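Structure first, then comments.
The values are calculated or read from the model by the stated rules, or taken from the named source; none is laboratory data. Being a predicted model, the structure only gives us computed values, none of them experimental. Cβ atoms come from the backbone with ideal geometry, glycine included; neighbour counts cover every protein chain shown.
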Amino acid sequence: MRASQVMCCLVMVGICCRAEAGNILSFDSNGIVTARADPTTPYNFGKTQIETSGLLYKKLGQAGLSPTATESLATIEKVESVTVAAGNGARAGYGGGFLGVVIGAVLQFAVALGVDKLLTWLFGSGDSVTSTGTVASTTTWMWCFSNVWKLNSSGALTTGTDCSVDPNALAQAYVASLNNVYAAYEGMSTSTFSAVSLTESNAAGVAQGAATYSFTFNGNTGQATVTFTEDQASDVSAQGYTVVAPLAGYTAVSSTTTTTTDIATAVGGIPASELAQQINPELAADATNALWQQASQMPGYTGLPYDATNPITTADATAWQSANPSYTPTVGDAVGTGSGAGTQGTSAGGSLGSLPISGTPGSSDPTTSTGTSTGTSTSTGTSTSTGTSTSTGSSSASATSATSASDPCAIDSNASACASLGTPPAAPALPTSSASVSMSPWNIGPPDGACPAPLSVSILGSSYAFAYDPLCTAVQKLRPLVLALCALAAALIVAMGVKA
């Protein structure tokens, strides 16, 4: 009995596994996703690929196109041809999931991976990525007392600075230094360390405060307060301060690191906290825009044109993620290590670049997808579409839509758009005309005139002569220019006459 129960359980598990092998995703005009199990789809889509399709359907809806519109189908299919080409091309071996293989092929600027924007990637040529991130690292900080009275190597009184990572040890060293001074100059050594209390402020990013300690001097008990600051241990050593033996570490600070490696190494260096981050909506929007723009420039593109003045925005991606929380990828999903990376591109089948098309089963070989139907469909029969798996049931609407997207004449060869245009008539002879232009020379004076004689006048009995020589000299110098202008004017007149 127990053996039969075990066998039944195994059969049920096998049936369930087959039923959950893949799913068909449907999108509405806002990009909202719904799914239903589809045993004919051999894999599950990754969440990054789902968001890419969802953002496209959302933008198509904003343009007034339904998910089943011919223009919508043509847009998604052409973008998928770009992503599949990247997923199946030379970058396929780089690793890094949909982000490293597909998005890395189209984004040429630094992008923050998670919503915290602590880690950015800049894809270089080939299998190269520059990773810049802010990570926590342990740094030793020192407490420093300034203007401490002490004796130098010659026994002379001087002042200095003592530093330690432990303020209590530092206060003890401070008292010991004072005792040395008292013993040398006063013959006393009665100051004792009792306790230290700290007050601290972090003004301007530097810890500052005061240490108060109790002491006994000449039989009297009192307290003294010494100001302190914090500094990095490396800086303290460089400044030549006396460093008291440290008793404990202090704090952790953040630092920014930039490294250039191959993509697989960069994925391995992503902290677990960053892998769990929701994908940056700005990255999702920029990546989808880049894929759409590249697809729209391909020959034969009949989808919605990409408008650089009206792209998918970060706000669009943020709204989509809020409306589809269960389909929003994490950084781990995007680089192929998260649970939402999907099974496409693995032994389950399909290409890493496959995008879900609304209401269409996933194909084991999306590289052959053309959007046309090779068979027929009825309400009770089966429909087989090129690039997708065979599914039982009614699919006449999607088959017709896919067929219409590429060849409307296959549906109705008598449509006006499919009518033969015939042979155009021979073009008539172009009209010609001719005009005769005659030119004859005319006399406009001697080629080289003489300057007039000076003008003589008598004023109040005195004779005056006005010579034309300066004016004649100027005119002679201007003569070539005047002739050139006249020649140009004549040429224009002739050209305009011929044109008319």
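Taken over the range 104-118, the criterion of being buried (at least 16 other Cβ atoms within 10 Å of the Cβ) and either part of a loop (DSSP other than H, G, I, E, B) or at pLDDT 90 or above (or both) is satisfied by V106, L107, A112, L113, G114, V115, L118.
Within the range 436-462, residues that are more than 21 Å from T473 (Cβ to Cβ) reach no partner that is loosely packed, with under 10 Cβ neighbours inside 10 Å and modelled with pLDDT under 80 with beta carbons closer than 6 Å at six or more positions or on different chains.
Residue by residue, here is whether (1) of a type in the set (S, T, Y); (2) in a helix (DSSP H, G or I) holds:
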| residue | (1), (2) |
| --- | --- |
| S53 | yes, yes |
| L60 | no, yes |
| T68 | yes, no |
| E71 | no, yes |
| A74 | no, yes |
| E80 | no, yes |
| T83 | yes, yes |
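Each residue in the range 406-463 was checked for being in a loop (DSSP other than H, G, I, E, B), of a type outside the set (S, T, Y), farther than 30 Å from L483 by Cα and modelled with pLDDT under 70, and 7 pass. Can you tell me which residue in the range 317-354 is surrounded by the most Cβ atoms within 10 Å (Cβ to Cβ), limited to those that are out of contact with any helix residue (DSSP H, G or I) (no Cβ under 9 Å at 6 or more places or on another chain) and not in a helix (DSSP H, G or I)? Within the range 317-354, the match that is surrounded by the most Cβ atoms within 10 Å (Cβ to Cβ) is G349. Applying the criterion of being part of a loop (DSSP other than H, G, I, E, B) and among the β-branched types (V, I, T) to the residues of the range 28-51, the residue that is farthest from Q293 (Cα to Cα) is T40.
Selection of first residues in the range 60-71 that are more than 16 Å from D316 (Cβ to Cβ) and of second residues that are assigned to a loop (DSSP other than H, G, I, E, B) and of a type in the set (A, V, I, L, M), restricted to Cβ pairs under 6 Å at least 6 apart or on distinct chains, gives the following pairs, ordered by first then second residue: E71/L65; E71/L304. Annotation note: Cβ proximity below 9 Å between a residue of the range 72-85 that is outside the structural domain of Q49 (by TED's automatic domain parsing) and a residue that is modelled with pLDDT under 90 and not basic (K, R) (sequence gap 6+ or interchain) occurs for no pair. For G359, the requirement of being in the same structural domain as D28 (by TED's automatic domain parsing), touching a strand residue (DSSP E or B) at 6+ places or on another chain (Cβ under 9 Å) and modelled with pLDDT of 85 or more is met.
All conditions but one from (1) outside any loop (DSSP other than H, G, I, E, B); (2) at pLDDT 90 or above; (3) not aliphatic (A, V, I, L, M) apply to R91; the one that does not is (2).
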